[in-house]
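The values are calculated or read from the model by the stated rules, or taken from the named source; none is laboratory data. Just so it is clear, the structure is predicted and the values come from calculations on it, not from any experiment. All Cβ positions, even for glycine, are placed from backbone atoms using ideal geometry, and neighbour counts span all protein chains on display. The protein model used for the area step is the full one, side chains on, heavy atoms only, and it has no ligands, DNA or RNA in it. Shrake-Rupley method; radii C 1.70, N 1.55, O 1.52, S 1.80 Å.
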Amino acid sequence: MAAGRTPTLVRLLRLARVTLHLLWGLAITSFVFPWVSRRGRDMRKRRWSRKLLSILAVSVRERNARENLPERCMLVLNHISWLDIFVINATSPATFIAKSEIRDWPFVGWLCTLVGTLYIERGRPSAARKATRAIVAELERGVLIAIFPEGMTTFGRSLEPFHAALFQPALDAAATLQPVALRYLDAAGTRTDAAGYVGETSFMESVWTIISTRHIVAELTVLAPVSVRGQTRRSLAARIEAVIARALAVPVPGRSHAQRKESGPGAGPRGG
């Protein structure tokens, strides 16, 4: 058996536990969430996400963690895996902005919908404007919003240009942007691709790869907050792109490519 791989029996046990936990999550979001406060939902999201990561042998390591985030705050992260959502929810429960295709993910897509993910439909300007207004309203209510502005996933060894349009709600709500660099490591502290949900990988293939790995560390590096004052959405996209790339020690994407993503959609599981 290869080093760092789990025995088949352990994999099957993990898979069974994950399936039961996902079903439990669907039950909670369907029958409990409608009756509890936002604080109560956040508490349950955090607890459920931590348990999911525990079952999958994924631990979270925060660097430069902040005790309190601004009242109006938007987290900005690079995107690697479907796990990213639960890594964030295990630390700072948030409402995620995602492209509508995520609704079709088995189990996870349903959960994302039930916990209040805001979706953006590609190719429909009117839908995008409506989504922007909804995001602004949530920010003004003090809801923590999280975006993956690449609009697709990578293995974290590179960075895709950021969709500038996703920064408009932060401008409209005068919110603070909180960049976070995310990467996954193995038990030895080396970058691992085990968590990646990239290209043509199916959801079940991704789950099997994760449960076949003995241990994964999700490392979140919290960077300096960015004010939107005096900025444009393009300048914000370029600035945060650069600081996350620097934290991950990867090249900054070319701006000519990024400009073509000015009117792009929301975050997504793989290709955008």
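Just a few scattered comments:
- Sole residue being at negative phi and in contact with a Gly (Cβ under 6 Å, 6 or more places away or on another chain), chosen from 45, 99: 99
- Within the range 230-253, the set of residues being open to solvent by 50 Å² or more (accessible area, probe 1.4 Å) and over 14 Å from residue 178 (Cα atoms) comprises 230, 231, 232, 233, 234, 246, 249, 251, 252.
- Any hit, the range 230-249, residues being under 30 Å from residue 52 (Cα atoms) and in contact with a Lys or Arg (Cβ under 7 Å, 6 or more places away or on another chain): yes
- Residues that are aliphatic (A, V, I, L, M), assigned to a helix (DSSP H, G or I) and touching a Ser or Thr at 6+ places or on another chain (Cβ under 6 Å), drawn from the range 153-181: 165
- Within the range 22-66, restricting attention to residues that are touching a helix residue (DSSP H, G or I) at 6+ places or on another chain (Cβ under 8 Å) and among the basic types (Lys, Arg), the residue that is nearest to residue 185 (Cα to Cα) is 51.
- Only one of 59, 30, 54 that is under 21 Å from residue 197 (Cβ atoms), among the polar types (S, T, N, Q) and part of a helix (DSSP H, G or I): 54
- Test result for residue 67, open to solvent by 10 Å² or more (accessible area, probe 1.4 Å), in a loop (DSSP other than H, G, I, E, B), more than 17 Å from residue 146 (Cβ to Cβ) and among the charged types (D, E, K, R): yes
- In the set 195, 188, only one residue is among the small types (Gly, Ala, Ser) and within 28 Å of residue 23 (Cα to Cα); that residue is 195.
- Residue, surrounded by the most Cβ atoms within 10 Å (Cβ to Cβ), within the range 3-43, restricted to residues that are among the basic types (Lys, Arg) and either modelled with pLDDT of 95 or more or farther than 18 Å from residue 89 by Cα (or both): 14
- Residue within the range 113-126 that is closer than 19 Å to residue 87 by Cα, of a type outside the set (A, V, I, L, M, F, W, C) and either assigned to a strand (DSSP E or B) or open to solvent by 50 Å² or more (accessible area, probe 1.4 Å) (or both) present: yes
- Check on residue 181, touching a residue at least 40 places away in the same chain (Cβ under 8 Å), of a type in the set (Gly, Ala, Ser), on the phi < 0 side of the Ramachandran plot and open to solvent by less than 40 Å² (accessible area, probe 1.4 Å): yes
- So residue 80, is it in a loop (DSSP other than H, G, I, E, B), under 30 Å from residue 224 (Cβ atoms) and at pLDDT 95 or above: yes
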